[in-house]
Amino acid sequence: MKYSYLLLDLDGTVTDSMTGITRSVQYALKHFGIEIKELSLLQPFIGPPLKDSFKEFYHFTEEQATLATSKYHEYFSSKGIFENAVYPGIKDFLQKQKKENKQILLATSKPEILAKQILDHFELSFYFDFIGGATFDDSRSSKKDVINYVLENCQLKNKLDKCIMIGDRKHDIEGAKANHISSAGVLYGYGSKEELIQAKADYIVKDLKELQTVLI
């Protein structure tokens, strides 16, 4: 068996969270007098740590980015969290991995408590052996740190060759490389093929069927 431990990203990999995330960002930006009508313009926020995105895309200061993140969660925790949908085929994919006795581990930049709520809501928590995410206080926010947290908690530091990070953005690939594990970029999410190539993903797949061939 090639990979026994599958680390999965959440947004853009397990769930299509565009509506909830972009509306939450829209709400946060409005607090600063920035009106964004077209939600698709906010798609780059899907995946990376929030505070970093506010700094990168709107040149916010640390203080502004912290406030924007707080405003984001005002909307997200009450409405945006469930403006979300599971990608077609994900449940079947997870079931298949469990039948093959693989461990499925979540590694998301979303705060862990919110990730758990989302998986519970969509009745997916059952498939995950461990749910790892960021913290609200930013003590753990980068994908590198989240992946390290998952590997440590699951005692996989001596099994890195059996681990693979699966996600749709460069942050997933870079985080995997920083932790010395393999990576697979999925093209049905929000990262482009060019982004995943530039990040040097070990595998790039167009769909879950292709991903399955990589895993065996």
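Key figures for this structure:
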read-out	value
The range 21-38, subset closer than 24 Å to Val86 by Cα and surrounded by fewer than 22 Cβ atoms within 10 Å (Cβ to Cβ), residue farthest from the chain's Cα centre (by Cα)	Glu38
Residue list for the range 105-127, restricted to those being buried (at least 20 other Cβ atoms within 10 Å of the Cβ) and either under 16 Å from Val150 (Cα atoms) or in contact with a Pro (Cβ under 9 Å, 6 or more places away or on another chain) (or both)	Leu105, Leu106, Ala107, Thr108, Ser109, Lys110, Pro111, Ala115
Matching residues in the range 75-110 - criterion: being over 20 Å from the mean Cα position of the chain (by Cα) and charged (D, E, K, R)	Lys96, Lys98, Lys99, Glu100
Qualifying positions in the range 124-158 - of a type in the set (D, E, K, R) and out of contact with any Leu (no Cβ under 9 Å at 6 or more places or on another chain)	Asp137, Asp138, Arg140, Lys143, Lys144, Asp145, Glu152
Test: Leu196 is crowded, with 16+ Cβ neighbours inside 10 Å and more than 20 Å from Ile104 (Cα to Cα)	yes
Listing of helices (runs of 4 or more DSSP H) fully contained in the range 1-105 that carry 2 or more residues being in contact (Cβ under 8 Å) with a residue 60 or more places away in the chain, more than 29 Å from Cys154 (Cα to Cα) and not small (Gly, Ala, Ser)	18-31
Failed item, numbered, when Gly191 is tested on (1) more than 21 Å from Pro88 (Cα to Cα); (2) under 17 Å from the mean Cα position of the chain (by Cα); (3) at pLDDT below 95	(1)
Selection count where residues are among the acidic types (Asp, Glu), touching a helix residue (DSSP H, G or I) at 6+ places or on another chain (Cβ under 9 Å) and modelled with pLDDT under 95, scope the range 119-147	1
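The values are calculated or read from the model by the stated rules, or taken from the named source; none is laboratory data. What you see is a predicted model; the values in this text were computed from it and never measured. Positions of Cβ are backbone-derived with ideal geometry, glycine not excepted, and every protein chain shown enters the neighbour counts.
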